[in-house]
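The values are calculated or read from the model by the stated rules, or taken from the named source; none is laboratory data. None of the values given here were measured: they were computed from a predicted structure. Note that each Cβ is placed from the backbone with ideal geometry, even for glycine, and that neighbours are counted across all protein chains shown. Quick note on the areas: whole protein, heavy atoms, side chains included, nothing else; ligands and nucleic acids left out. Shrake-Rupley method; radii C 1.70, N 1.55, O 1.52, S 1.80 Å.
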Amino acid sequence: MMQQLYDDYNNDYDYSSNIPDECLSIIFQTLSSGDRKRCSLVSRRWYTVEGQNRHRVALNSAAEITPFIPSLFTRFDSITKLSLQCDRKSASIDDNSLGIISLRCVNLTRLKLRGCRDVSDVGMGVLGRNCRVLRKFSCGSCMFGAKGMNALLNNCVTLEELSVKRLRGLSDSDGCGASCEGSGGGGGLELIGTDMVCGNLKGVYLKELYNGQSFGPVLVGSRNLRSLRLFSCLGEWDLVLRSVCDGRESLSEIRLEKLKVSDAGLEAIAKCVNLDTLHLMKVVEYTDEGLAMVARSCRLIRKLHIDGWRNRRMTNRIGDVGLTAVAKNGGNLMELVLIGLNPSIGSLAWISMCCTKLERLAICASDTIGDRELECLAIKTASLKKVCIKGCRLLTNNGIISLATFCPNLVKIKVKKCKRVTGEVVSYVKEKRPLLELSLDVNGIEVDGGDVRTADGEVRVVAGGEGPTAVAGTNDDAAQAESSNTATLWSGLRSRISLFGGNLVTSTVRRWSSGDENQNNN
């Protein structure tokens, strides 16, 4: 036996030849992308097996890769997820290259095109005819138009998710306000989806489109639509929402941002009685009346985000009437985000009394939220688990203490840009609630102890940590103090620029929501 092993070693015997291709492919699937690439260079067999079992590929779709496309996709002929991205300064692949890819990858289920400006309606038509099992399609900063999009929708009958961002090939006419009813359109607007075969769309995401209303027939024809996201699309959207939401019980998520929607649009949304998530971020022209209609009809809403979009040119049209209606009908509300609103203690009292399931609350850029208002919320909202507060200038340490005292289920408090909240509240929170995590941005805080952490001026307090102490102004710390002051200056400038944007609050609540959902799924 030993002699045989010795002979095999001298003859460069390939021990991996005894491993079946199926087992070898399973081993490759456990490796990282870099390790898979290196393993593919070991032998011809490994090269072939690795290519046949790679199902996800991301490529730089610059024109320079055109000569290599046939060989690349001859090797990777089993991929189901493909991402083609090109930067704005480079020429991208053209219709011929996309046609070759679609011929070699007929099993594609997900395709993402970014910056492929040389792909026209012709290339999209070829793609639709060859890749008929597409389930998710996403494009951004492309130049094809309505004909190319129609060709894709008419051939890919299994399409479930459609994401379109900055599609520059749509005809830039005066038909932005045309109704999506019928196929005639108005003002020369070229409609998309009038002859659509795929009625299985479950999610549609449109962003930064000049003529986003041209997708109206797509939305109307998708009877199983569950998620609708419209961001920064010009024109009026009341007519589109009226046609889309009429009798649509499948819609469970609607996110609108930087749109022109009035109370008529919200009246249409109110017909979606099974709505679960509603985001109204920087939406203009709607008032308390429209919000109240949605609250009274959509009683199953669990996540509600409202951005008042305060600026010098527009007045805040959402006040106590709308928030009170939300509270009285928000028995299932679990997540509430209020940005740029000025609720009174009366509407907050209704929220604390009626929203008994509220777990996540975020308040940003409010001129009325102070200690009394926060105490009113804390006393009766026992279900609160996570609170995020940003830019509330009237809030002091007493408001944070009220949250820590009266909310028994609270696990995290995050405070940003509240100048009256100081580091002195940290010791009290740590003493009374050792398991409560408090995150606040207090400049000039030095930490002693492993469990108390700071990053960029942020103080976190968890169980077992030592209290923070003020930074001493010694000569040894002069350089550090100067660097801290510079960072503070830039931090303050960034906060003034984005104070009313709500990006921090929105991203924080999004992380909270995803974390809680993942925990529930587990």
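Computed values, structure above
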{"item": "Scan of region 196-220 for residues that are within 17 Å of residue 254 (Cα to Cα) and open to solvent by less than 40 Å² (accessible area, probe 1.4 Å), ordered by number", "result": "201, 203, 204, 206, 212, 213, 215, 216, 218, 219"}
{"item": "Hits in region 371-400 - residues which are open to solvent by less than 10 Å² (accessible area, probe 1.4 Å), in a helix (DSSP H, G or I) and within 18 Å of residue 323 (Cα to Cα)", "result": "374, 377, 378"}
{"item": "Per-region count, region 360-370, residues open to solvent by less than 40 Å² (accessible area, probe 1.4 Å) and out of contact with any Pro (no Cβ under 9 Å at 6 or more places or on another chain)", "result": "6"}
{"item": "Residue in region 158-195 that is modelled with the lowest pLDDT, counting only those that are farther than 23 Å from residue 236 by Cα and surrounded by fewer than 20 Cβ atoms within 10 Å (Cβ to Cβ)", "result": "195"}
{"item": "Residue among 24, 59, 31 that is touching a helix residue (DSSP H, G or I) at 6+ places or on another chain (Cβ under 7 Å) and under 25 Å from residue 136 (Cα atoms)", "result": "59"}
{"item": "Looking only at region 1-46, and only at residues there that are in a loop (DSSP other than H, G, I, E, B) and acidic (Asp, Glu), the one that is modelled with the highest pLDDT", "result": "14"}
{"item": "Test: residue 223 is touching a strand residue (DSSP E or B) at 6+ places or on another chain (Cβ under 8 Å), open to solvent by 10 Å² or more (accessible area, probe 1.4 Å), more than 23 Å from residue 329 (Cβ to Cβ) and not in a helix (DSSP H, G or I)", "result": "no"}
{"item": "Among residues of region 202-220, those that are closer than 22 Å to residue 141 by Cβ, modelled with pLDDT of 90 or more and not in a strand (DSSP E or B), counted", "result": "7"}
{"item": "Test: residue in region 302-311 that is small (Gly, Ala, Ser), under 21 Å from residue 376 (Cα atoms) and assigned to a loop (DSSP other than H, G, I, E, B)", "result": "no"}
{"item": "Selected residue (criterion: modelled with the highest pLDDT) from residues of region 270-285 that are among the β-branched types (Val, Ile, Thr) and assigned to a strand (DSSP E or B)", "result": "277"}
{"item": "Lone unmet requirement of (1) at pLDDT 95 or above; (2) in contact with a strand residue (DSSP E or B) (Cβ under 8 Å, 6 or more places away or on another chain) for residue 325", "result": "(2)"}
{"item": "Region 401-426: number of residues that are open to solvent by 70 Å² or more (accessible area, probe 1.4 Å), in a helix (DSSP H, G or I) and over 17 Å from residue 372 (Cα atoms)", "result": "1"}
{"item": "Flag for residue 38 being within 29 Å of residue 93 (Cβ to Cβ), among the charged types (D, E, K, R) and either open to solvent by less than 80 Å² (accessible area, probe 1.4 Å) or in contact (Cβ under 8 Å) with a residue 60 or more places away in the chain (or both)", "result": "no"}
{"item": "Selection count, region 435-449, where residues are closer than 18 Å to residue 387 by Cα, assigned to a loop (DSSP other than H, G, I, E, B) and either touching an Asp or Glu at 6+ places or on another chain (Cβ under 9 Å) or modelled with pLDDT under 90 (or both)", "result": "1"}
{"item": "Tabulated pairs, region 372-388, first at pLDDT 95 or above, second open to solvent by 10 Å² or more (accessible area, probe 1.4 Å) and of a type in the set (Ser, Thr, Tyr), C-beta under 8 angstrom, 6+ apart or interchain", "result": "none"}
{"item": "Helices (runs of 4 or more DSSP H) completely within region 48-157 that count 1 or more residues being acidic (Asp, Glu), in contact with a strand residue (DSSP E or B) (Cβ under 8 Å, 6 or more places away or on another chain) and open to solvent by 50 Å² or more (accessible area, probe 1.4 Å)", "result": "none"}
{"item": "Region 234-258, residues that are part of a loop (DSSP other than H, G, I, E, B) and within 17 Å of the chain's Cα centre (by Cα)", "result": "252, 258"}
{"item": "Evaluation of residue 330 against (1) touching a residue at least 40 places away in the same chain (Cβ under 8 Å); (2) within 21 Å of residue 254 (Cα to Cα) (one fails), failing number", "result": "(1)"}
